[in-house]
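Report on the following structure.
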Amino acid sequence: MSSTSSTVIQAMYNDDDILMDAVKETRAAKYHIEEVYTPFPVHGLDKAMGLAPTKLAITAFMYGVLGLGFSIWMMNYMMIDNWPQDIGGKPSTSFIYSMPAFVPIMFEMTVFFAAHLMVITFYMRSRLWPFKEAENPDPRTTDDMFVMEVSVNGNEKELASFLEKTGAVEIKVTEKH
Amino acid sequence: MYKFSKKLKTFSFALMVVGIIGIAWGFMNAPSTIEESKDTIAKQFEAHGAHGDADAIDAHAKDAHHDAAHDEHVFHQLQNRPWSALYVAIFFFMMLSLGVLAFYAIQHVSQAGWSIVLFRVMEGITAYLPIGAVILFVFLVLSGMHMNHVFAWMNPELVDPNSPKFDQLLFDKKSYLNVPWFLIRAAIYIAGWIWYQRRSRKLTLALDKAEDGDLTHYKKMMGASAAFLVFFLVSESMMSWDWLMSIDHHWFSTLYGWYVFAGMFVSGITTIAMVTVYLKSQGYLEFVNDSHLHDLAKFMFGFSVFWTYLWFSQFMLIWYANIPEEVTYYVQRFDEIKVPFFAMVVMNFVFPILLLMNSDYKRLPWFIIIAGVVVLLGHYIDVYILITPGSVGDQWKFLSPEVIGSALFFLGLFIFVVFTALTKAPLKVKGNPFLKESEQFHY
């Protein structure tokens, strides 16, 4: 047993509503939830687990501003600086007078940057990359089962019977590295 | 049951009194002869001179366009000023309740689960519609009787082939744009809206008293709402051509109905949110939680963006195509009324998008109030810009007693009617099968 490993109980549930109630009860009983694995995003689970609010939204805003800035620079470079063109008699030597035509591009770039960079940030924060080995303890959590992992501090029996009462259909004690 | 507080009632009466004074000032100061109108303009130029703009007066005095036709034109514009200000206020507050009525009908047709606890607030706001729409109709009749020249096309000389003012383009539109048919159409729209407003109110009150599980009224409500929405989509579009677009009678835009609808909808939803926050602050609506507020604020945010999208779409296509008869509309607005024109975009787009973007801020009542006040002011300016350049031209004056007075008078009337209607029925509906879902609604 290495020094970083710890004993955890994995309680398995077959319904997201039961899981939500179990998470609330477990937290109320002052047990420490390590992680919850679900086959799909469960609405409100982060709040029930007491996780800190996500900062992803703020990064999305910043990426959007970055995309807006980039598109302004790009359109100015393409259409005004590098190769001014006369399109429909519109003045092509002034950014501000041609600006209405650039607004759709500015909008699309804002969305493009915000969406793609946010997804990439999400993958990096969740340590996900191609060919990564799955971390979920049981393959069934990708299908129809929910697993709540609770850390054990010498109270194995008591914890197991508590979790059984919250509606767990299967309970497993295991070492985690 | 809600009780109309004395303080708010006094406040609404005070608004009406101040408003009447402003409106009266506007009518008394409008010129009644061309001579008076010339005086007013001359005074304006003297005032300019005091600012050290002497060259401009000289240039203007020598200007050849100072002929009789021009004098008459300016005279009509100055005469229009109090009428136009009144029309902006009449239309804006009618539009608030009409927007809410459409939102309310959508809730019924879509069988929305979240909004049931807000139904009585919406019904309170739509109670203004019969009054507001009838006042508007009276205004249109007065215009038809040539009491004012807000609708320049109503002038019979313009369609008289023997008149020097004959306007071929307007003559071609005569079969649609003529006073009797215009008023008949207005009467049809208004009758349809009032019918649904009355009917829906009757049905929800009946549903309140119905036995448990009796859904006959609920089903009737769904049918009435669906019928209304079909009627509304057509009548709203035509209403916007008739009552707003015809003021600039040579100009046309195919997107206009949607544009007016977007402004109407976002202002209506903002009004629902603000009335809800007010009632909650007075200790009512304890069953409305912050998730309901959150959803209203999401709608405010979303429809502000939607409005901007339409505002820009209309502008960009016209700007890009650059067809003379279309661009004049924007040239006039850029030249003559630039500051309100762009201030409105900031208030209706930049401000709400930055203020209401954060999810947590959408649940803070005072954020909703701040955003709501700015959005409503912004859309008031929007309506002002839809109407004024066509009726008053460059003689517009936004911060003047008649504009502020008209707004305050109808705000007072609106508050009085809406909160009186709120006292008439319990603030929570009964009998709706989704009521429980709405009460437990959480994000």
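A short reminder: the numbers here are calculations on the coordinates, not readings from a lab. Given the structure is predicted, the values throughout are model-derived calculations rather than measurements. Neighbour counts run over all protein chains shown; Cβ positions are idealised from the backbone, glycine included.
Label 7 Å along Cα→Cβ of B:Glu286; the range B:401-443 residues with amide nitrogen under 17 Å?
The answer is B:426-429, B:439-440, whose backbone nitrogens lie closer than 17 Å to the label point.
Could you work out the local net charge near B:Asp71, counting Lys and Arg as +1, Asp and Glu as -1, over the other residues with Cβ closer than 10 Å to its Cβ?
The answer is -2.
Under 14 Å from the Cβ of B:Arg198, count the other residues' Cβ atoms, weight Lys and Arg +1, Asp and Glu -1, and hand me the total. Please report the intermediate quantities before stating the final value.
Working: positive: B:Arg199, B:Arg201, B:Lys202, B:Lys220, B:Lys424; negative: B:Glu123.
Combined, the nearby Lys, Arg, Asp and Glu give +4.
Per residue of chain B, what 222 nm ellipticity follows from adding -39500 (n - 2.57) for every DSSP H run with n ≥ 4, rounded to the nearest 500?
Details: 17 runs with 319 residues, N = 443.
When only DSSP H runs of four or more count, the value is -24500 deg cm²/dmol.
Pairs A:Lys90/B:Lys38; A:Lys24/B:Lys298; B:Lys397/B:Lys424; B:Lys7/B:Lys338: which are spaced more than 31 Å apart, C-alpha to C-alpha?
Numbers: A:Lys90/B:Lys38 40 Å; A:Lys24/B:Lys298 28 Å; B:Lys397/B:Lys424 40 Å; B:Lys7/B:Lys338 39 Å.
Where the Cα-Cα span goes over 31 Å, the pairs concerned are A:Lys90/B:Lys38; B:Lys397/B:Lys424; B:Lys7/B:Lys338.
Calculate the length of the line joining the C-alpha centroid of the range B:66-98 to that of the range B:123-143, in whole Å.
A separation of 18 Å, based on Cα centres.
Between B:Tyr309 and A:Ala29, what FRET efficiency follows from the Cβ-Cβ distance if R0 is 60 Å, with the result rounded to 0.05? It would help to have the intermediate numbers written out before the result.
On the way: r = 50 Å, r/R0 = 0.84.
Efficiency computed from Cβ-Cβ geometry: 0.75.
Before rounding to the nearest 500, sum -39500 (n - 2.57) across all DSSP H runs of length at least 4 in chain A and divide by the residue total; then give [θ] at 222 nm in deg cm²/dmol. Each step should come with its number before you reach the end.
Values: 5 runs with 79 residues, N = 177.
-15000 deg cm²/dmol, from helical runs alone.
So how tilted is helix B:290-321 from the main axis of chain B? Cα-based, degrees 0 to 90, rounded to 10.
In chain B, helix B:290-321 runs at an angle near 30 degrees to the longest axis.
Counting other beta carbons within 10 Å of each Cβ, put B:Ser359, B:Ser235 in order, fewest first.
Final ranking by Cβ density, sparse to dense: B:Ser359, B:Ser235.
Once a ≥ b ≥ c are taken as the square roots of the eigenvalues of the Cα gyration tensor of the range B:350-443, is the result rounded (a/c under 1.5), prolate (a/b larger than b/c) or oblate (a/b not larger than b/c)? Present the calculation step by step, with values, prior to reporting the outcome.
Details: a/c = 2.99, a/b = 1.61, b/c = 1.85.
Taking the square roots of the gyration eigenvalues as a ≥ b ≥ c, the range B:350-443 is oblate.
If I fit a long axis through the Cα atoms of helix A:95-125 and take the longest principal axis of the Cα atoms of chain A, what angle between them do I get, 0 to 90°, rounded to 10?
The helix A:95-125 is inclined about 20 degrees to chain A.
For the pair A:Lys165/B:Leu142, report the inter-label distance in nm, with labels modelled 7 Å from Cα in the Cβ direction.
Each label point is offset 7 Å from its Cα along the Cβ direction, giving 7.5 nm.
Reported to two decimal places, what Rg/Rh ratio describes the range A:56-125 when computed on Cα atoms with Rh from the Kirkwood expression?
Details: Rg = 14.6 Å, Rh = 13.0 Å.
Reported Rg/Rh, Kirkwood definition of Rh: 1.13.
Where a ≥ b ≥ c are the square roots of the eigenvalues of the C-alpha gyration tensor, would you call the range A:56-177 rounded, which needs a/c under 1.5, or, failing that, prolate if a/b is larger than b/c, or oblate? Present the calculation step by step, with values, prior to reporting the outcome.
Numbers: a/c = 4.71, a/b = 4.34, b/c = 1.09.
Here the range A:56-177 falls in the prolate category.
Taking only the alpha-carbon atoms of the range B:394-443, what semi-axes of the equivalent ellipsoid follow from 5 times the gyration tensor eigenvalues under a square root, in whole Å, largest first?
Working: eigenvalues 326, 50, 10 Å².
Equivalent-ellipsoid dimensions as semi-axes: 40, 16, 7 Å.
What FRET efficiency would be calculated for the residue pair B:Lys298, A:Lys157, taking the C-beta separation as r and a Förster radius of 51 Å, to the nearest 0.05? The partial results should precede the final answer.
Numbers: r = 48 Å, r/R0 = 0.94.
E between B:Lys298 and A:Lys157, to the nearest 0.05, is 0.60.
Using just the Cα positions, wrap chain B in a convex hull and report its mean projected area in square nanometres, one decimal place.
Details: hull surface 92.1 nm².
Result: a mean projected hull area of 23.0 nm².
PRE reach from B:Ser110 (point 7 Å along Cα→Cβ): which of the range B:232-254 fall under 16 Å by backbone N?
B:233
Provide, as a two-decimal number, the C-alpha radius of gyration of the protein assembly as shown over 2.2 N^0.38 Å, N being how many residues it has. Let's see the in-between values first.
Working: Rg = 30.6 Å, N = 620, 2.2 N^0.38 = 25.3 Å.
Here the Cα radius of gyration is 1.21 times the empirical estimate.
To the nearest 20 Debye, how big is the dipole of the range B:159-228 about its Cα centre, given +1 on the beta carbon of each Lys and Arg and -1 on that of each Asp and Glu? Spell out each step's value before the answer.
On the way: 11 positive and 7 negative charges, 18 e Å.
Roughly 80 debye, rounded to the nearest 20.
To the nearest 10 degrees, how steep is helix B:179-209 against the longest Cα principal axis of chain B, on a 0 to 90 scale?
20 degrees
In whole angstrom, how far apart do the alpha carbon centroids of the range B:366-385 and the range A:51-113 sit?
Going from one Cα centre to the other spans 28 Å.
Give the order of A:Phe70, B:Phe351 when sorted by the count of other beta carbons within 10 angstrom, beginning with the fewest. Show your work: numbers first, answer last.
Details: A:Phe70 15, B:Phe351 18.
Fewest to most other Cβ atoms nearby, the residues stand as A:Phe70, B:Phe351.
Per 0.36 nm of contour for each residue apart, how much would the distance between B:Ser237 and B:Leu8 grow if the chain were fully extended, relative to their Cα-Cα spacing? Provide the component values of the computation, followed by the final result.
Working: separation 229, 0.36 × 229 = 82.44 nm, distance 3.52 nm.
The B:Ser237-B:Leu8 span can extend by a further 78.9 nm.
Figure the gain on full extension for B:Ile370 and B:Trp25 (residue separation times 0.36 nm, minus the Cα-Cα span) and round it to one decimal in nm.
Numbers: separation 345, 0.36 × 345 = 124.20 nm, distance 3.06 nm.
Full extension of this stretch gives 121.1 nm more.
Ignoring solvent entirely, what values of log10 I(q)/I(0) come out of the Debye formula for the range B:145-302 at 0.08, 0.10, 0.11 Å⁻¹ when each Cα is a single scatterer?
Log10 I(q)/I(0), no solvent term: -0.40, -0.58, -0.68.
Set the Förster distance to 56 Å, then compute FRET efficiency between B:Lys38 and B:Leu229 from the Cβ-Cβ distance, nearest 0.05. Walk me through the numbers before you get to the answer.
On the way: r = 51 Å, r/R0 = 0.92.
That pair, B:Lys38 with B:Leu229, gives E of 0.65.
Based on Cβ point charges of +1 for Lys and Arg and -1 for Asp and Glu, what charge dipole magnitude is obtained for chain A about its Cα centre, in debye rounded to the nearest 20? Intermediate results must be reported in sequence, preceding the final value.
On the way: 14 positive and 22 negative charges, 129 e Å.
Dipole magnitude for chain A comes out near 620 debye.
Among B:Gln440, B:Pro401, B:Leu386, whose Cα sits farthest toward the positive end of the charge dipole of the range B:373-443 (+1 at Cβ of Lys/Arg, -1 at Cβ of Asp/Glu, about the Cα centre)?
Projecting each Cα onto the dipole axis, the largest value belongs to B:Gln440.
Only counting other Cβ atoms within 10 Å, I'd like A:Trp73, B:Trp114 sorted with the fewest neighbours first. Walk me through the intermediate numbers first.
Details: A:Trp73 11, B:Trp114 19.
By the 10 Å Cβ count, ascending, the order reads A:Trp73, B:Trp114.
Would you list which lysines come within 16 Å of A:Lys172, measuring only between C-alpha atoms, while excluding same-chain residues fewer than 8 positions from it?
A:Lys157
I need the P(r) histogram for the range B:143-206: all alpha carbon pairs, bin width 5 Å from 0 out to the longest distance, whole percents.
Cα pair-distance distribution for the range B:143-206, in percent: 4, 15, 18, 17, 12, 8, 8, 6, 6, 3, 2, 1, 0.
Find which of A:Ala48, A:Pro130, A:Leu117 sits farthest along the positive direction of the dipole of the range A:7-163, computed with +1 on the beta-carbon of Lys and Arg, -1 on that of Asp and Glu, about the Cα centre.
The listed residue farthest towards the positive side: A:Leu117.
Starting from the Cα of B:Lys436, draw a straight line to each of the aspartates and glutamates and keep only those under 15 Å, dropping any in the same chain fewer than 8 residues away.
Those aspartates and glutamates meeting the cut-off are B:Asp208, B:Asp212, B:Glu286.
With charges only on Cβ, +1 for K and R and -1 for D and E, what is the dipole size of the protein assembly as shown about its Cα centre, in debye, rounded to 20?
On the way: 45 positive and 58 negative charges, 395 e Å.
Dipole magnitude for the protein assembly as shown comes out near 1900 debye.
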